[in-house]
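The values are calculated or read from the model by the stated rules, or taken from the named source; none is laboratory data. Model, not experiment: these values are computed from the prediction. As a convention, Cβ positions derive from the backbone with ideal geometry for all residues, glycine included, and neighbour counts pool all protein chains shown.
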């Protein structure tokens with residue numbers, strides 16, 4: 001089965017180099033990738049993820065707003081009854097890892113994470129979440 | 001001077017330049033000439049300035065060590081500014097937070113979680129006043145790194161300075177105000193391109209008339225490069241944006257020689273040492289040639305490309321962050337050997353967070369080592385005449401010219417139209433993303449080594465650095481400050497100022513700066529001013545592409 005990924009920029013952060021590069025690498029690896037563009041809210045991301053029926057949502061945040069906004073994306077999905085897993089990457093200090101996992105991130109990629117790690121982790125997250133639903 | 005050779009012409013200029021009071025010799029006492037080269041070659045201070053814009057370069061004056069800073073509330077950043085000045089920094093450069101960069105107030109729902117994180121939050125005159133408390137605005141130059149709301153920030157800056165008794169014509173500094181690269185690379189845009197360019201036009205015309213010491217635009221390649229472009233793309237896109245602003249000002253009735261001397265430039269210093277030096281040399285040569293031959297500039301100041309440099313944030317690694325000090329030093333050295341006028345050095349911890357005070361100090365110290373210990377400042381353009389560097393300079397020039405031709409063709413002869421069309425058709429954005437992808441693939445395939453990332457990883461599990469933490473408390477504090485402003489201002493003045501701004505915005509012939517300054521004085525907030533203009537101008541939406 002082909003993995004479908006929604007990659008998203010939430011909030012005001014315009015740094016889109018990372019998300020575009022990662023999106024293309026995911027495509028190269030055979031995944032289907034949807035990108036909804038800049039300045040999204042947790043609500044618009046949740047709606048798009050459900051409508052596009054993706055297997056996983058990938059957030060890219062470099063402004064420090066992940067502490068507030070990443071948990072809100074998970075919250076918006078769950079409030080709509082969706083269990084789509086959410087992963088997060090960007091400028092996330094290691095000291096935030098615990099908080100982010102507690103807030104429901106299925107995986108967090110800190111600065112320096114390699115493309116291989118991201119790929120492997122997404123596959124793992126998706127297979128874990130689909131096996132739960134079986 | 002027609003009968004003098006290049007050397008004699010240079011010597012005449014050199015002799016009349018002021019010199020720093022130091023001995024120009026090597027550590028072991030070998031006396032050094034101010035520049036080396038054949039008598040009929042090109043010398044610094046001579047058209048097309050490949051070798052530098054001044055005849056005496058750093059013998060007269062070192063570059064300005066301008067450290068970029070901003071976080072939390074205006075009070076927090078004011079404290080950091082004073083630390084920078086105390087540590088020997090000579091210029092300030094203000095980093096704004098995301099809501100401010102997008103013209104939103106700190107209590108806007110979209111600002112949630114972003115206030116004070118990436119820079120300082122500025123909502124009103126109160127914040128701008130506190131930001132520059134006890135800083136001598138007549139002697140310290142200030143750079144404000146902001147684009148979509150640049151005109152609003154300039155208005156606030158003028159309003160607070162005039163309150164303190166410093167007239168606008170005394171103010172020296174730079175507004176980044178380079179909106180074109182926002183659509184191309186940095187992506188902090190608000191209004192559609194043409195409406196944004198009207199605001200840029202207004203700031204150019206206003207500063208040309210009223211602020212003789214102000215640089216109206218810092219044409220910035222930095223963000224283009226950080227977004228993933230190649231060196232030649234950074235060079236070409238930046239200069240083309242510069243050409244577009246010159247064309248814009250001409251449409252507004254200004255002469256090229258009234259505008260071009262007020263444009264300064266801002267380039268990246270990436271890790272490929274010689275390519276960066278060649279890029280700066282080519283930039284000066286290309287700008288001078290195009291200003292004189294294509295745009296008809298006759299004032300030497302219009303030909304001279306002056307630039308600020310920042311080391312490459314994107315080259316920093318989270319792994320073994322101390323190694324970033326070495327990267328930054330090498331990049332900064334390229335900026336200096338390339339003849340930069342001012343320099344910001346990144347801190348070792350910036351792959352992880354905003355810099356801690358200690359890391360920022362080490363970054364400034366790195367510049368001081370280059371300036372005061374290495375002796376590289378004694379001789380102008382020390383790499384000039386190197387077969388390799390000269391050829392690489394020519395190659396950068398050729399590649400940039402090829403890109404100029406493409407953009408000019410898109411605009412049917414107009415660089416301004418070519419830029420706007422290229423933005424609207426995602427041409428710039430696509431090229432930058434393509435280059436970023438190609439570079440990333442070369443890392444992933446192991447064709448390029450990054451120390452600590454895909455090789456030499458021993459030591460990666462060492463303890464983390466102490467990093468600067470911005471808490472949600474700062475956001476609450478700032479929202480509190482904004483509430484105080486809203487409660488204590490005269491609402492009738494606010495409404496009047498907003499009406500004036502709206503009326504002026506409707507007429508594209510009117511310069512918006514006076515209305516923005518009036519609104520600033522009435523404590524109209526940044527979000528309110530931008531909101532009033534958005535009603536007239538509309539909002540830009542980028543079509544997402546991968």
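Worth pointing out:
- Candidate set: segment A:98-118, residues that are in contact (Cβ under 8 Å) with a residue 24 or more places away in the chain and within 11 Å of another protein chain (Cβ to nearest Cβ); chosen: the one farthest from residue A:29 (Cα to Cα): A:113
- Checked against the criterion of being at pLDDT below 95, surrounded by 19 or more Cβ atoms within 10 Å (Cβ to Cβ), touching a strand residue (DSSP E or B) at 6+ places or on another chain (Cβ under 7 Å) and within 14 Å of chain A (Cβ to nearest Cβ), segment B:460-478 has at least one qualifying residue.
- Residues of segment A:67-97 that are at the interface with chain B (Cβ under 8 Å from one of its Cβ atoms) and under 14 Å from residue A:45 (Cα atoms): A:69 alone.
- Filtered residues of segment B:107-117 (kept if within 12 Å of chain A (Cβ to nearest Cβ) and either more than 23 Å from the chain's Cα centre (by Cα) or in a helix (DSSP H, G or I) (or both)): B:108, B:109, B:110, B:111, B:112, B:113
- For segment B:64-77, the criterion of a residue being surrounded by 24 or more Cβ atoms within 10 Å (Cβ to Cβ), within 14 Å of another protein chain (Cβ to nearest Cβ) and in contact (Cβ under 8 Å) with a residue 12 or more places away in the chain is satisfied by at least one position.
- Residue A:82 being free of Cβ contacts under 8 Å to residues at least 60 places away in the same chain, assigned to a helix (DSSP H, G or I) and more than 30 Å from residue B:148 (Cα to Cα): no
- Check on residue A:70, part of a helix (DSSP H, G or I), within 13 Å of the chain's Cα centre (by Cα) and surrounded by fewer than 23 Cβ atoms within 10 Å (Cβ to Cβ): no
- Total residues in segment A:43-58, condition within 12 Å of chain B (Cβ to nearest Cβ) and buried (at least 23 other Cβ atoms within 10 Å of the Cβ): 0
- Residue count for segment B:167-183, restricted to those that are closer than 30 Å to residue B:426 by Cβ and assigned to a helix (DSSP H, G or I): 4
- Candidate set from segment B:80-105 (those that are within 14 Å of chain A (Cβ to nearest Cβ) and in a helix (DSSP H, G or I)); member that is surrounded by the most Cβ atoms within 10 Å (Cβ to Cβ): B:100
- Test for residue B:156: is it modelled with pLDDT under 95 and buried (at least 22 other Cβ atoms within 10 Å of the Cβ): no
- Residues in segment A:92-121 that are under 14 Å from the mean Cα position of the chain (by Cα) and in a loop (DSSP other than H, G, I, E, B): 4 in all.
Conditions (1) at negative phi; (2) touching a residue at least 60 places away in the same chain (Cβ under 8 Å), marked per residue:
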{"position": "B:172", "(1), (2)": "yes, no"}
{"position": "B:177", "(1), (2)": "no, no"}
{"position": "B:181", "(1), (2)": "yes, yes"}
{"position": "B:187", "(1), (2)": "no, yes"}
{"position": "B:199", "(1), (2)": "yes, yes"}
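- Residue that is farthest from the other protein chains (Cβ to nearest Cβ), among those in segment A:11-29 that are crowded, with 23+ Cβ neighbours inside 10 Å and farther than 21 Å from residue B:315 by Cα: A:11
- If you go through segment B:300-313 and keep only what is assigned to a helix (DSSP H, G or I) and buried (at least 21 other Cβ atoms within 10 Å of the Cβ), you end up with B:302, B:303.
- Hits in segment A:23-50 - residues which are part of a helix (DSSP H, G or I), touching a residue at least 12 places away in the same chain (Cβ under 8 Å) and in contact with a strand residue (DSSP E or B) (Cβ under 7 Å, 6 or more places away or on another chain): A:23, A:26, A:42, A:45, A:48, A:49
- Residue list for segment B:520-533, filter: more than 14 Å from chain A (Cβ to nearest Cβ) and out of contact with any helix residue (DSSP H, G or I) (no Cβ under 6 Å at 6 or more places or on another chain): B:525, B:528, B:531
- Residue match in segment B:481-499 (condition: assigned to a loop (DSSP other than H, G, I, E, B), away from chain A (no Cβ under 13 Å) and out of contact with any strand residue (DSSP E or B) (no Cβ under 7 Å at 6 or more places or on another chain)): yes
- Filter result (modelled with pLDDT of 95 or more and closer than 30 Å to residue A:35 by Cβ) within segment B:510-546: B:526, B:527, B:530, B:531, B:533, B:534, B:535, B:537, B:538, B:539, B:540
- Matching option when the condition is in contact with a strand residue (DSSP E or B) (Cβ under 6 Å, 6 or more places away or on another chain), more than 14 Å from chain A (Cβ to nearest Cβ) and at negative phi, among B:284, B:262: B:262
- Scanning segment B:184-202 for residues that are over 16 Å from the mean Cα position of the chain (by Cα) and assigned to a helix (DSSP H, G or I) yields a total of 9.
- The set of residues from segment B:118-164 being touching a residue at least 60 places away in the same chain (Cβ under 8 Å), out of contact with any strand residue (DSSP E or B) (no Cβ under 8 Å at 6 or more places or on another chain) and part of a loop (DSSP other than H, G, I, E, B) comprises B:123, B:124, B:148, B:149.
- Considered as a group, the residues in segment B:133-149 that are surrounded by 23 or more Cβ atoms within 10 Å (Cβ to Cβ) and away from chain A (no Cβ under 14 Å) include one that is modelled with the lowest pLDDT, and that residue is B:143.
- Residue check, residue B:517 more than 14 Å from every other protein chain (Cβ to nearest Cβ), touching a helix residue (DSSP H, G or I) at 6+ places or on another chain (Cβ under 6 Å), part of a helix (DSSP H, G or I) and farther than 20 Å from residue B:159 by Cα: no
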